[in-house]
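One structure below.
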Amino acid sequence: MNRINLETVYTDIAIEKSNKYNKTRINIDGYNYITIRFNDITDYNENKKIENKLIKNLNYILKENNIKDDDYGLIVGLGNINSTPDSLGPKVIENIIVTSHLFDLNVVEKGFRKISTFIPSVTSVTGIETYNLIKSIVKEIKPDFLIVIDSLKASKEDNLNKIIQLTDKGIKPGSGIKNNRKEISKNNMNIPVICIGVPTVININDLIVCNVNIDFFIDKISLLISNSINRCMHENVKNI
């Protein structure tokens with residue numbers, strides 16, 4: 001893994017920080033960034049290939065952060081369900097297998113991890129800082145790690161709806177559109193934070209735009225990500 005210095009560029013995508021860096025796995029200021037590129041997730045074979053790659057790399061980043069097989073995970077879907085390009089996080093959460101309540105009842109089979117989910121919505125809807133909501137939940141239920149899913153902004157058209165990015169750096173919700181909220185990261189959550197993001201918007205002539213087929217794409221990619229997380233988190237969940 002190559003180590004590079006972070007450059008300030010108006011994008012959420014690590015490989016766009018400089019045209020020198022096109023590796024699948026890179027290291028920026030000591031944090032892991034993994035990029036999975038795809039062409040057509042409507043093709044069954046490619047969809048399953050990307051799903052398996054996401055599982056492999058998610059397992060890698062869990063191991064890099066010393067997360068054990070029986071650690072308790074909180075999966076958070078950032079974004080606004082009423083704005084399609086920003087609805088990735090909530091849509092992923094819709095299909096996550098939740099087990100924490102079953103652990104409390106002691107009725108869980110071996111091969112399932114303790115998992116909870118949370119959709120904080122956005123500050124413009126709730127009036128509450130997203131960070132504060134997540135921090136309060138973390139303090140109350142005490143998970144061992146966070147997985148945060150969010151829509152990202154690209155600066156290059158070739159990356160729009162074409163990559164999945166994983167990182168253990170954390171995330172500032174809304175940073176891609178200069179709407180910076182407080183960072184959600186290991187530094188202020190005190191547990192590992194793994195982020196999964198997909199660029200769904202791009203700047204063109206000072207406008208933030210999305211692809212015309214964004215509704216269809218969000219449905220497909222959100223299901224791919226939720227399937228990958230379920231298979232990664234739960235040994236008993238087989239290929240769907």
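The values are calculated or read from the model by the stated rules, or taken from the named source; none is laboratory data. Just so it is clear, the structure is predicted and the values come from calculations on it, not from any experiment. Backbone-built Cβ (ideal geometry, glycine too); neighbour counts: all protein chains shown.
Looking at SER185, SER151, just one residue is small (Gly, Ala, Ser), in contact (Cβ under 8 Å) with a residue 40 or more places away in the chain and in contact with a strand residue (DSSP E or B) (Cβ under 8 Å, 6 or more places away or on another chain), and that residue is SER151.
Please verify whether ILE191 is surrounded by fewer than 22 Cβ atoms within 10 Å (Cβ to Cβ) and part of a loop (DSSP other than H, G, I, E, B), treating the condition exactly as stated. Spell out the reasoning first.
Details: surrounded by fewer than 22 Cβ atoms within 10 Å (Cβ to Cβ): yes; part of a loop (DSSP other than H, G, I, E, B): yes.
Yes.
How about segment 59-98: which of its residues are aliphatic (A, V, I, L, M), touching a strand residue (DSSP E or B) at 6+ places or on another chain (Cβ under 6 Å) and buried (at least 16 other Cβ atoms within 10 Å of the Cβ)? If you could, list the steps in order and put the result at the bottom.
First, pick out the residues of segment 59-98 that are aliphatic (A, V, I, L, M): 61-62, 67, 74-76, 78, 81, 88, 92-93, 96-98.
Now narrow it down to the ones that are touching a strand residue (DSSP E or B) at 6+ places or on another chain (Cβ under 6 Å): 61, 67, 74-76, 78, 88, 92-93, 96, 98.
Within segment 59-98, ILE61, ILE67, LEU74, ILE75, VAL76, LEU78, LEU88, VAL92, ILE93, ILE96 qualify.
For every residue, the table says whether it meets (1) surrounded by fewer than 21 Cβ atoms within 10 Å (Cβ to Cβ); (2) under 19 Å from ILE67 (Cα atoms); (3) at pLDDT below 90.
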position	(1), (2), (3)
GLU109	yes, no, yes
PHE112	yes, yes, no
THR126	yes, no, yes
ASN132	yes, no, no
ILE149	no, yes, no
ILE164	no, no, no
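Within segment 111-139, the set of residues being in a helix (DSSP H, G or I) and either free of Cβ contacts under 8 Å to residues at least 60 places away in the same chain or closer than 19 Å to ILE81 by Cα (or both) comprises THR123, SER124, VAL125, THR126, THR130, TYR131, ASN132, LEU133, ILE134, LYS135, SER136, LYS139. For segment 36-58, filtered to residues that are basic (Lys, Arg) and under 16 Å from the mean Cα position of the chain (by Cα), the residue that is surrounded by the most Cβ atoms within 10 Å (Cβ to Cβ) is LYS53.
Take ILE81 and tell me if it is in a loop (DSSP other than H, G, I, E, B), under 27 Å from THR130 (Cα atoms) and of a type in the set (Val, Ile, Thr). For ILE81, the condition - in a loop (DSSP other than H, G, I, E, B), under 27 Å from THR130 (Cα atoms) and of a type in the set (Val, Ile, Thr) - is met. Can you tell me how many residues in segment 1-58 are part of a loop (DSSP other than H, G, I, E, B) and at pLDDT 90 or above? Going through segment 1-58 one residue at a time, the tally reaches 6.
Is it true that some residue in segment 59-75 is in a strand (DSSP E or B) and under 16 Å from GLY197 (Cα atoms)? Give the steps one after another, and end with the answer.
As a first pass, look at segment 59-75 and keep what is in a strand (DSSP E or B): 73-75.
Pick out the ones that are also under 16 Å from GLY197 (Cα atoms) and you get 75.
Among the residues of segment 59-75, at least one is in a strand (DSSP E or B) and under 16 Å from GLY197 (Cα atoms), which makes the answer yes.
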